[in-house]
Structures are given as C-alpha cells and as structure tokens.
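The values are calculated or read from the model by the stated rules, or taken from the named source; none is laboratory data. Just so it is clear, the structure is predicted and the values come from calculations on it, not from any experiment. Positions of Cβ are backbone-derived with ideal geometry, glycine not excepted, and every protein chain shown enters the neighbour counts. Just so you know, the surface numbers come from the protein's heavy atoms only, side chains and all, with ligands and any DNA or RNA stripped out. Shrake-Rupley method; radii C 1.70, N 1.55, O 1.52, S 1.80 Å.
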Amino acid sequence: MSRVAHLLTDTVTYATRSSFDSSGDPAFASQLTATARVEHGTFLVVADNGEERRADHRVVTETNIPATARLWLPGDDTTSGNASRQIIARKEASTPHGGLTLRELYL
C-alpha cells in the first residue's frame, strides 16, 4: 500500500480508447476502476493544445489513465457514454526514485 492510498477515498471508472470504427469514431475497451481523490471546483488549466480552459473537477490518482480515455466520476451512469467526461489536461509527478507517481486529471 502506498503512503497516500488512505487519501484516495473515491473510485472513478474509465475506459481507454482501443481503436477507431469504420466511420472514424473512437471505440473503447472494457471499463476499469481506479482509486482516486475527486475534487469539485473551478480550475483554470492549460490544455494539451495550449488553450487555457476551465475544468470543474480535479482527479488525483496513482493509476496511469491516458489522456484519451473517457472517465466517469462517482455517481455517474457508467452505462452511458454520454455521461462520461473528457480529460482536458493531465499532470504527473514522481518521487525522486520513482517509487510513487501521482497524476492530476482535469475534467
């Protein structure tokens, strides 16, 4: 158990992009879960394309969730793709020896 596991009291569900269908829309793999800390608020972040964007949630997790994954917060309907959220920005930090890596996802 990591030194921060007791702080990660929420569970998020995510599905990674596995391919694209014949019309060019993304197809997603089976859903997985990750322990996390979900914070609600207003966060001003710089997206991967360099645009400044407003995010309504910050998710901190040890799990490596790709930026292209769809993500459901606790209480979201995980049977509905329309209820999933897109990751706007992603940050990562590791301890000096790589023993622990935390990721911040902004939605």
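The table for this structure:
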{"read-out": "Failed item, numbered, when Arg37 is tested on (1) touching a residue at least 12 places away in the same chain (Cβ under 8 Å); (2) farther than 18 Å from Ser2 by Cβ", "value": "(2)"}
{"read-out": "Residues that are assigned to a strand (DSSP E or B), open to solvent by 30 Å² or more (accessible area, probe 1.4 Å) and among the β-branched types (Val, Ile, Thr), drawn from the range 48-70", "value": "none"}
{"read-out": "Criterion violated by Leu73 - all others in (1) open to solvent by less than 80 Å² (accessible area, probe 1.4 Å); (2) free of Cβ contacts under 8 Å to residues at least 40 places away in the same chain; (3) closer than 20 Å to Tyr106 by Cβ; (4) among the hydrophobic types (A, V, I, L, M, F, W, C) satisfied", "value": "(2)"}
{"read-out": "Residue list for the range 76-89, restricted to those being assigned to a strand (DSSP E or B) and without any contact (Cβ under 8 Å) to a residue 40 or more places away in the chain", "value": "Arg85, Gln86"}
{"read-out": "Index of the failed condition, Thr16 passing every other in (1) modelled with pLDDT under 95; (2) in contact with an Asp or Glu (Cβ under 8 Å, 6 or more places away or on another chain)", "value": "(2)"}
{"read-out": "Residues that are of a type in the set (S, T, N, Q), open to solvent by 50 Å² or more (accessible area, probe 1.4 Å) and within 15 Å of the chain's Cα centre (by Cα), drawn from the range 10-47", "value": "Thr11, Gln31, Thr33, Thr35"}
{"read-out": "Residue that is farthest from Asn49 (Cα to Cα) [pool: residues in the range 76-89 that are out of contact with any helix residue (DSSP H, G or I) (no Cβ under 9 Å at 6 or more places or on another chain) and surrounded by 11 or more Cβ atoms within 10 Å (Cβ to Cβ)]", "value": "Thr78"}
{"read-out": "Residue, farthest from the chain's Cα centre (by Cα), within the range 90-107, restricted to residues that are surrounded by 10 or more Cβ atoms within 10 Å (Cβ to Cβ), part of a loop (DSSP other than H, G, I, E, B) and of a type outside the set (S, T, N, Q)", "value": "Leu100"}
{"read-out": "Boolean, Arg3 is open to solvent by 60 Å² or more (accessible area, probe 1.4 Å), modelled with pLDDT of 95 or more and more than 13 Å from the chain's Cα centre (by Cα)", "value": "no"}
